[in-house]
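Q: Mind having a look at this structure? Questions to follow.
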Amino acid sequence: MNESGPVVAKLLRRVDADPTDMILVYDDIDLPLGTVRLRMKGSHGGHNGVRSILAALGTQEIKRVKVGVGRPDQKADVPDHVLTTFERDELPAVEAAVEQAAERVLSLVA
């Protein structure tokens, strides 16, 4: 994910789409678990995958749906935090966030 920019750029060229046609959906450790935010443009906010995409596309004008996964207590725990499965008690919040994120994407497409 951290180096996804070149692949995204290649895909957009293949389908003859502009970066402004794309909607990026991704996890955000700066948002509490289950929180969903819509952004129409902006910086990568420290997210390495988004950083790669913005650099490869040469623009910050990308619509985004950010899904909060919460921040671990220790910075060193971030990779494990975002790559491990959710705890059973977190699943209702995750499922609700996925549903809300899908609704946000559909509202942007409409």
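The values are calculated or read from the model by the stated rules, or taken from the named source; none is laboratory data. As the structure is a prediction and not an experimental result, all values here were calculated from the model. Neighbour counts run over all protein chains shown; Cβ positions are idealised from the backbone, glycine included.
Q: From 45, 70, grab the single residue that is free of Cβ contacts under 8 Å to residues at least 40 places away in the same chain and either surrounded by 13 or more Cβ atoms within 10 Å (Cβ to Cβ) or part of a loop (DSSP other than H, G, I, E, B) (or both).
A: 45
Q: Keeping to the stretch 27-55, report how many residues are out of contact with any Asp or Glu (no Cβ under 8 Å at 6 or more places or on another chain) and basic (Lys, Arg).
A: Matching residues across the stretch 27-55 total 2.
Q: Being surrounded by 14 or more Cβ atoms within 10 Å (Cβ to Cβ), in contact (Cβ under 8 Å) with a residue 60 or more places away in the chain and out of contact with any Cys (no Cβ under 9 Å at 6 or more places or on another chain) is true for just one of 12, 33. Which residue is that?
A: Step by step, each of 12, 33 is checked, and only 33 is surrounded by 14 or more Cβ atoms within 10 Å (Cβ to Cβ), in contact (Cβ under 8 Å) with a residue 60 or more places away in the chain and out of contact with any Cys (no Cβ under 9 Å at 6 or more places or on another chain).
Q: Among the residues of the stretch 87-98, is there at least one that is in a helix (DSSP H, G or I), in contact with a strand residue (DSSP E or B) (Cβ under 7 Å, 6 or more places away or on another chain) and closer than 20 Å to residue 23 by Cβ?
A: Yes: the stretch 87-98 contains one or more residues that are in a helix (DSSP H, G or I), in contact with a strand residue (DSSP E or B) (Cβ under 7 Å, 6 or more places away or on another chain) and closer than 20 Å to residue 23 by Cβ.
Q: Conditions: (1) part of a loop (DSSP other than H, G, I, E, B); (2) among the aliphatic types (A, V, I, L, M); (3) touching a residue at least 24 places away in the same chain (Cβ under 8 Å). Residue 82 meets all but one. Number of the miss?
A: It is condition (1) that residue 82 fails.
Q: Okay, moving on. Of the residues in the stretch 1-42, how many are assigned to a loop (DSSP other than H, G, I, E, B) and under 19 Å from residue 75 (Cβ atoms)?
A: 7
Q: Filter the stretch 80-92 down to the residues that are surrounded by 10 or more Cβ atoms within 10 Å (Cβ to Cβ) and at pLDDT below 90 and list them by number.
A: 80, 81, 82
Q: Determine the pairs where a residue that is surrounded by 12 or more Cβ atoms within 10 Å (Cβ to Cβ), located within the stretch 93-110, has a partner that is modelled with pLDDT under 95 and of a type in the set (Phe, Trp, Tyr) with Cβ atoms under 8 Å apart, the partner being 6 or more residues away or on another chain.
A: Sorted first by the residue in the stretch 93-110, then by its partner, the pairs are 94/86.
Q: State all residues of the stretch 48-67 that are touching a strand residue (DSSP E or B) at 6+ places or on another chain (Cβ under 8 Å) and assigned to a loop (DSSP other than H, G, I, E, B); if no residue qualifies, say none.
A: Hit for the stretch 48-67 is 62, nothing else.
Q: To continue, here is another question. If I ask for residues that are in contact (Cβ under 8 Å) with a residue 40 or more places away in the chain, within 16 Å of residue 3 (Cα to Cα) and in contact with a Phe, Trp or Tyr (Cβ under 8 Å, 6 or more places away or on another chain), which ones from the stretch 48-67 would you list?
A: The one that is in contact (Cβ under 8 Å) with a residue 40 or more places away in the chain, within 16 Å of residue 3 (Cα to Cα) and in contact with a Phe, Trp or Tyr (Cβ under 8 Å, 6 or more places away or on another chain): 49.
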